[in-house]
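The values are calculated or read from the model by the stated rules, or taken from the named source; none is laboratory data. Being a predicted model, the structure only gives us computed values, none of them experimental. Glycine gets a Cβ as well: all are built from the backbone with ideal geometry, and neighbour counts include every protein chain shown. Protein only, heavy atoms only, side chains kept; ligands, DNA and RNA dropped before computing areas. Shrake-Rupley method; radii C 1.70, N 1.55, O 1.52, S 1.80 Å.
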Amino acid sequence: QVQLVESGGGLVQAGGSLRLSCRASGRTFSINTMGWYRQAPGNERELVAVISGAGIPNYGDSVKGRFTISSDNAARTVNLQMNSLKPEDTAVYYCNRRQLEGDYWGQGTQVTVSS
């Protein structure tokens, strides 16, 4: 099993910044991708940003140019720097780790952007 512990999130005004981190532990074998998805009330879960084991990032269209994903510690930790936040970024953000043995999710952390 893999455990994902998320940190960061909270309340920020529009135009502000937040940083999310996710640390993986347990049976952390080579990853396919690790990163973040989000879900706002009434919406489907959507891609925010993921990074591959080779360090190649992939961003959702709505966050390109504003969010930056990075990984360290042998890809057991991923960080998401979120700048120029907008009210429409308000959602629960979920950490995801995808590896050959399975697809793992964190508990989620709330990000609220006030206008």
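Annotations
- Yes/no for residue 48 being more than 26 Å from residue 101 (Cβ to Cβ), β-branched (Val, Ile, Thr), touching a residue at least 12 places away in the same chain (Cβ under 8 Å) and open to solvent by less than 60 Å² (accessible area, probe 1.4 Å): no
- Residue 39 fulfils the conditions (1) within 14 Å of the chain's Cα centre (by Cα); (2) among the polar types (S, T, N, Q); (3) farther than 17 Å from residue 88 by Cα except for a single criterion, (3).
- Scope region 1-41; condition over 18 Å from residue 100 (Cβ atoms) and open to solvent by 90 Å² or more (accessible area, probe 1.4 Å); matching residues: 11, 13, 19, 23, 41
- Subset of region 60-109 that is touching a residue at least 24 places away in the same chain (Cβ under 8 Å), open to solvent by 20 Å² or more (accessible area, probe 1.4 Å) and among the basic types (Lys, Arg) - its residue that is farthest from residue 26 (Cα to Cα): 86
- All strands (runs of 3 or more DSSP E) inside region 1-94 with 2 or more residues being closer than 19 Å to residue 109 by Cα and at pLDDT 95 or above: 2-7, 10-13, 18-26, 31-39, 46-52, 67-72, 77-82
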